[in-house]
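In what follows, a single structure is set out as structure tokens and then discussed.
The values are calculated or read from the model by the stated rules, or taken from the named source; none is laboratory data. Just so it is clear, the structure is predicted and the values come from calculations on it, not from any experiment. Glycine gets a Cβ as well: all are built from the backbone with ideal geometry, and neighbour counts include every protein chain shown. Just the protein is used for accessible areas: all its heavy atoms, side chains included, with ligands, DNA and RNA removed. Shrake-Rupley method; radii C 1.70, N 1.55, O 1.52, S 1.80 Å.
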Amino acid sequence: MARKKVAIEYIASDPTRKATARKRDMGIKKKAGELSVLCGVDTCYIMYREGGASPPEVYPSVPEAMRVIDRFRAMPELDQCKKKMDGEDYVRERIAKIQEQLRRAQRDNRQLETTLLLHDALAGRRQGLAGVAIEQLVSLGWMAESYVKKVSDCIAYRSMQQQQQQQLLPLQHAGVQAEPPHYAAATVAGVEAPHQQL
């Protein structure tokens, strides 16, 4: 059974909030240790609990955390900020990714709508194109032209194949060893076999 997605918002219940903080604290420490071992990097983690009454949680230890922090502070300021990400940067990055996903979905939806409109028109299920938006009419015209070009290319290729086969027939009747038809068709200048299915 899939886990229920947790809403990222403040937990009003005190017991639930404290239990969540304890579990997440253990999880972050585990991830920090795994990252250090797997990638050979220095990591540290400091968490101040709610209210600030108790000492902060420090991983892996206070001296080791201080060593990592001192190393970070010794870096030039430009290097310190190079890959830094705060909450605002994270939200901005997430928004950009979601907007890109939305643009892709809208583009795919427009293409599917245009394809359905074209199929309905060809099947006679639409009486004219009244009420269709200009943008959709342009897409419909572009798609129709694309299909017509594919059909024309396919017809031209098949016609050239037939001509090549007809030219080879007299040679075959005369007992002359001719080139294989697929080779002869492939050597026709300016004509390629259509690879896309209509």
Heavy-atom accessible area per residue of the range 1-96, all protein chains kept, 1.4 Å probe, expressed in Å², is 87 Å²
Sorted list, accessible surface of protein heavy atoms, 1.4 Å probe, largest first, for LYS150, LYS5, LYS18 is LYS5, LYS18, LYS150
Computed ³J(HN,Hα) along the range 30-47: with the Karplus parameters 6.51/-1.76/1.60, θ = phi - 60°, integer Hz and x for glycine or proline, the list is 4, 5, 5, x, 5, 4, 5, 6, 5, 10, x, 10, 8, 10, 8, 8, 10, 9
Each label sits 7 Å from Cα toward the beta-carbon; between GLN163 and GLU135 the label points are separated, in nm, by 4.4 nm
Note: ALA74 to GLU88 extended length (0.36 nm per residue) minus current alpha-carbon separation gives 2.5 nm
The Cα radius of gyration of the range 1-92, divided by 2.2 N^0.38 Å with N its residue count, comes to 1.31
Karplus ³J(HN,Hα) for the range 10-25 (6.51 cos²θ - 1.76 cosθ + 1.60, θ = phi - 60°; Hz, whole; x = Gly/Pro) runs 4, 8, 6, 6, 4, x, 5, 5, 5, 5, 5, 4, 5, 5, 5, 4
When every protein chain stays in place and a 1.4 Å probe is rolled, LEU129, LEU118 sorted by accessible area with the largest first are LEU129, LEU118
Under 5 Å from the placed amide H of TYR45, counting only residues 5+ away or on other chains, we find TYR59
Output for the range 19-117: GluC sites (Glu not before Pro) sitting in coil per DSSP, at most 11 other Cβ within 10 Å, listed by number, reads GLU50
